[in-house]
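Below is one structure, written out as structure tokens; the observations come after it.
The values are calculated or read from the model by the stated rules, or taken from the named source; none is laboratory data. Being a predicted model, the structure only gives us computed values, none of them experimental. Cβ sites come from the backbone with ideal geometry, for glycine too, and all protein chains shown count toward neighbours. The area values use the complete protein model at the heavy-atom level, side chains included, leaving out ligands, DNA and RNA. Shrake-Rupley method; radii C 1.70, N 1.55, O 1.52, S 1.80 Å.
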Amino acid sequence: MELVGALQLGELAAAFAALPVFPLFDTAYFIVSVLYLKYEPGAVEMSRKSPFASWLCAMLHCFGSYILADLLLGESPIDYFSNNSSVILATAVWYLIFFCPMNLFYKCVSFLPMKLIFVAMKEVVRVRKIAAGVHHAHHRYHHGWFIMMATGWAKGSGVALLSNFEQLLRGVWKPETNEILRMSFPTKASLYGTVLFTLQQTRWLPISEANLIFFFTMFMIVCKVFMTATHSHASPFAPVERFICPVFFGSVSSGHTSHHHDQHGASHEASHPPPPLAKSKEELNEGTRKRKAKKAE
């Protein structure tokens with residue numbers, strides 16, 4: 001804290017935390033969310049065949065985190081749709097990205113320099129949502145650490161966690177793409193972030209909420225902008241996880257593989273009879289004499 005004060009970042013962090021996200025940052029959040037929907041295979045064709053289904057998928061991309069968090073807290077999952085301004089703004093973004101003449105709007109917002117700005121602005125909203133989710137859960141469950149973490153995680157990456165349901169709306173079913181099984185960087189970062197905000201909310205982390213929002217937002221912006229600019233899917237957490245996970249959770253054992261291989265090897269040998277035994281030396285000599293005699297005749 002003294003270091004932060006020496007660097008005069010306290011006022012900057014407080015001003016940053018108080019910065020309103022509507023409508024500017026929310027617009028960027030909606031643009032990036034609907035762009036990711038358009039990148040999905042068959043999304044453009046679906047928007048022509050069933051515009052309503054496409055609109056539902058876009059709303060799920062834009063507000064899925066709020067829906068999932070409300071479900072976890074026992075509130076109405078459509079409560080956020082009472083915010084008419086946000087719904088109309090998200091609908092306008094969806095329409096322009098999918099149906100603007102000559103794809104002009106899509107070409108502008110998907111232009112890489114512009115897209116990087118929108119990606120950075122989206123991470124501002126994501127971190128605010130994580131902090132708001134943890135704070136909301138803490139208000140209702142003062143000692144419910146896991147409820148706080150679950151709510152903050154849902155607020156930060158609810159869209160990804162609901163991806164299988166969103167696929168059903170598009171007529172696609174890919175259970176192997178479950179976000180729990182294969183976490184993307186935003187989902188994993190949201191999980192780590194919600195742990196930090198929970199520790200801060202319960203006074204176990206000696207840092208103010210404004211400072212935590214500022215520093216974690218800067219971390220998310222740097223990582224996501226770099227990954228988007230380089231088209232990389234490698235997680236920045238991978239080097240640390242490769243070192244820590246084998247220590248706490250063990251590495252993949254080769255014994256199971258060898259046992260599996262031995263079982264298959266045994267069954268393979270059982271299904272194929274062993275080759276015939278080699279002929280004895282006497283049999284070979286007898287065969288040689290018969291061939292010579294036949295040749296002489």
**Q.** Residue under evaluation residue 30, criteria (1) surrounded by fewer than 22 Cβ atoms within 10 Å (Cβ to Cβ); (2) touching a residue at least 12 places away in the same chain (Cβ under 8 Å), criterion not met
**A.** (1)
Q) Taking the condition in contact with a helix residue (DSSP H, G or I) (Cβ under 8 Å, 6 or more places away or on another chain), at pLDDT 95 or above and open to solvent by less than 60 Å² (accessible area, probe 1.4 Å), does residue 112 pass? A) no
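Could you say which residue among 5, 64 is modelled with pLDDT under 90 and either assigned to a helix (DSSP H, G or I) or under 18 Å from residue 118 (Cβ atoms) (or both)?
Details: 64 fails: modelled with pLDDT under 90.
From the options 5, 64, the qualifying one is 5.
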**Q.** Among (1) farther than 23 Å from residue 9 by Cβ; (2) open to solvent by 30 Å² or more (accessible area, probe 1.4 Å); (3) not in a helix (DSSP H, G or I) - the single one residue 179 does not satisfy
**A.** (2)
Q | Pick from region 145-176, criterion surrounded by fewer than 15 Cβ atoms within 10 Å (Cβ to Cβ) and more than 28 Å from residue 51 (Cβ to Cβ), ranking: modelled with the lowest pLDDT | A | 176
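Residue-by-condition table, conditions (1) in contact with a strand residue (DSSP E or B) (Cβ under 8 Å, 6 or more places away or on another chain); (2) open to solvent by 60 Å² or more (accessible area, probe 1.4 Å); (3) closer than 22 Å to residue 186 by Cα; (4) touching a residue at least 24 places away in the same chain (Cβ under 8 Å):
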position	(1), (2), (3), (4)
42	no, no, no, yes
62	no, no, yes, yes
66	no, no, yes, yes
89	no, no, no, yes
92	no, no, no, no
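Condition first: touching a helix residue (DSSP H, G or I) at 6+ places or on another chain (Cβ under 9 Å) and part of a helix (DSSP H, G or I). Can you find one or more residues in region 230-238 that meet it?
Restricting attention to region 230-238, the residues satisfying the condition of being touching a helix residue (DSSP H, G or I) at 6+ places or on another chain (Cβ under 9 Å) are 232-237.
Checking the rest, the ones that are also part of a helix (DSSP H, G or I) come to none.
No.
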